[in-house]
Structure formats: structure tokens, C-alpha cells
Amino acid sequence: MTTVMFFMEGGRITGFDVSGHSGYGPEGGDIVCAAVTSTVRLAECVINEVMGLSAAVKVRERTAEISLRLPGSLGESAEDTCQNLLTGMMVYLSQLHSEYPDHIEVLEAS
């Protein structure tokens, strides 16, 4: 199962961890893993490449884990954009959980 943990401080999403393989299909043909991977890569690209921020990203391919943490102090516009992006990511992955509850879990931690 893939587990996605969103980290919260008050109402602010500060980052996320994703770990595990969904087990929905064989490696290279698993649509749940592909959806999660695409979502994570999009968020990282928008935050770091498009917006030019320095979110900390750690990838551990051997254990199928990735984490992203937002920088501590962002300007108002960047903060709003990041929060909208990460909230959209959370909503999308929660909908994916509704479709594939045995293959993806979405959690929040304070």
C-alpha cells in the first residue's frame, strides 16, 4: 500500500511523505503508483522549478519513499500558491483513496 502523510502546522501544509508501492498492478503497469508519482512530481516541479523556491526533497528509490518540505518563510503570494497546490494534491489523492482504498492511504499529522 502507498501511504501519503501530509504534515500540518495549524492550517498550513508544510510538506508530505510518500512511501510504499500500491500493489495494484505489476511494476511499470501500476496505475495507482503512476497517479501518485505524477502528482508528487508535478508538485515538486511547480514549487522548485516554476516558482523557484527551495523546498527540501529527499528521494529514497530503494525503499520507494519521497518527502518534500516547504521552506519556513515564504512571501504571501508564494505561500498562497503552495497551499493551493498542496491542498489540491491532498484532495486528488484522497479521491484516489476513495477509488482504490486497499492501495493508497492519505493521512494528516500535526
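The values are calculated or read from the model by the stated rules, or taken from the named source; none is laboratory data. Small disclaimer: the values here were computed from a predicted structure and weren't measured. Quick reminder, even Gly has a Cβ in these numbers, built from the backbone with ideal geometry, and neighbours come from all protein chains shown. SASA here: full protein model, heavy atoms, side chains in, ligands and nucleic acids out. Shrake-Rupley method; radii C 1.70, N 1.55, O 1.52, S 1.80 Å.
Scanning region 79-91 for residues that are within 11 Å of the chain's Cα centre (by Cα) and exposed (fewer than 14 other Cβ atoms within 10 Å of the Cβ) yields Thr87, Gly88, Val91. Each residue in region 2-38 was checked for being part of a loop (DSSP other than H, G, I, E, B) and at negative phi, and 9 pass. Residue pairs whose Cβ atoms lie under 7 Å apart, separated by 6 or more positions or on different chains, with the first residue in region 85-103 and over 15 Å from Leu42 (Cα atoms) and the second aromatic (Phe, Trp, Tyr) and open to solvent by 70 Å² or more (accessible area, probe 1.4 Å), are Tyr100/Tyr24; His103/Tyr24.
Ile104 meets the conditions (1) under 20 Å from Thr2 (Cα atoms); (2) surrounded by fewer than 16 Cβ atoms within 10 Å (Cβ to Cβ) in every case but one. The failed one is (2).
Just one of the listed residues (Ser73, Ser38) is without any contact (Cβ under 8 Å) to a residue 24 or more places away in the chain, farther than 18 Å from Met5 by Cβ and under 13 Å from the mean Cα position of the chain (by Cα), namely Ser38.
Can you pull out the residues in region 91-110 that are among the aliphatic types (A, V, I, L, M) and either more than 20 Å from Tyr24 (Cα to Cα) or not in a helix (DSSP H, G or I) (or both)? Result: Val91, Ile104, Val106, Leu107, Ala109.
Looking across region 7-59 at every residue that is in contact with a strand residue (DSSP E or B) (Cβ under 8 Å, 6 or more places away or on another chain), over 19 Å from Glu105 (Cα atoms) and not charged (D, E, K, R), the one that is most open to solvent (accessible area, probe 1.4 Å) is identified as Val59. Return the residues of region 38-57 that are among the hydroxyl-bearing types (Ser, Thr, Tyr) and modelled with pLDDT of 95 or more; say none if nothing qualifies. Hits for region 38-57 are Ser38, Thr39.
Among the residues of region 60-78, those identified as of a type outside the set (D, E, K, R) and surrounded by 14 or more Cβ atoms within 10 Å (Cβ to Cβ) are Ala64, Ile66, Ser67, Leu68, Leu70, Pro71, Leu74, Ala78.
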